[in-house]
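> One structure, pasted below without further comment.
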């Protein structure tokens with residue numbers, strides 16, 4: 001499991017937080033999944049670490065280590081990896097706000113927001129995969 005922890009995203013859960021939730025909440029409710037859930041938490045990797053530790057930096061990142069800076073630095077001409085091309089939701093704060101208010105919206109607007117959330121999450125996931133692949137290439 002990969003995450004990109006950035007200190008500006010105050011609502012981000014740490015690996016310790018996730019492990020605690022998995023152990024305290026889900027392991028008791030689903031004891032048959034306890035070992036698997038622990039394995040997931042134990043195998044979490046924070047993609048912010050290579051950048052925050054200084055193991056990798058390039059000027060195209062503009063002094064930032066966030067996924068929104070790293071992605072275009074690694075893949076500058078890839079339109080599939082461009083957050084600015086997303087419509088309604090282009091960052092994590094917008095996504096959290098939209099998700100939190102989704103239940104208050106009329107059905108047609110909720111569908112539009114849900115589609116935007118899915119597009120944002122899809123790009124975030126793809127970004128983590130692509131950054132991981134590029135870091136592996138650089139490590140060889």
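None of the figures in this text is laboratory data; all of them are computed from the coordinates on show. Note that the structure is a prediction, hence the values are computed from the model and not measured. A quick note on method: Cβ atoms are made from the backbone with ideal geometry, for glycine too, and the neighbour counts reach across all protein chains shown.
> Over the chain, what is the relative contact order in percent, taking alpha-carbon pairs closer than 8 angstrom and at least six residues apart?
Values: 114 pairs, mean separation 31.2, N = 140.
The value is 22 percent.
> Fewest Cβ neighbours within 10 Å first, please rank 96, 61 accordingly.
Numbers: 96 14, 61 18.
Ranked by crowding around the Cβ, least crowded first: 96, 61.
> Give me the number: length gained by fully extending residue 88 to residue 112, i.e. 0.36 nm times residue separation minus the C-alpha to C-alpha distance, one decimal in nm. Display every interim value, and only then the final one.
Values: separation 24, 0.36 × 24 = 8.64 nm, distance 0.88 nm.
This chain segment gains 7.8 nm when fully extended.
> Provide the FRET efficiency to the nearest 0.05 for the residue 55-residue 121 pair, computing r from the beta carbons and using R0 = 30 Å. Intermediate results must be reported in sequence, preceding the final value.
Values: r = 27 Å, r/R0 = 0.91.
According to the calculation, E is roughly 0.65.
> Now for a separate question. Taking 0.36 nm per residue of separation and subtracting the Cα-Cα distance, what length does fully extending residue 139 through residue 104 add?
Numbers: separation 35, 0.36 × 35 = 12.60 nm, distance 4.69 nm.
Difference between extended and current length: 7.9 nm.
> May I ask you to compute the full-extension gain from residue 32 to residue 96, defined as 0.36 nm times their residue separation minus their alpha-carbon distance, rounded to one decimal in nm?
On the way: separation 64, 0.36 × 64 = 23.04 nm, distance 3.09 nm.
Length gained between residue 32 and residue 96: 20.0 nm.
> Further question on the same structure: Helix-derived [θ] at 222 nm for the chain: sum -39500 (n - 2.57) over DSSP H runs of at least 4, divide by residue count, nearest 500? Kindly include the intermediate steps, with their values, before the conclusion.
Working: 6 runs with 71 residues, N = 140.
After summing the helix terms and dividing by the residues of the chain, the value is -15500 deg cm²/dmol.
> Based on the alpha-carbon gyration tensor of the chain and its eigenvalue square roots a ≥ b ≥ c, which shape applies: rounded if a/c is under 1.5, prolate if not and a/b is larger than b/c, or oblate? The partial results should precede the final answer.
On the way: a/c = 2.07, a/b = 1.09, b/c = 1.89.
It comes out oblate by the Cα gyration axes.
> Highest GNM mean-square fluctuation, the chain, Cα pairs closer than 10 Å: which of 43, 94, 24?
24
> If we restrict to alpha carbons, what Rg and Dmax does the range 22-67 come to, in Å?
Rg then Dmax for the range 22-67, in Å: 16.9, 48.
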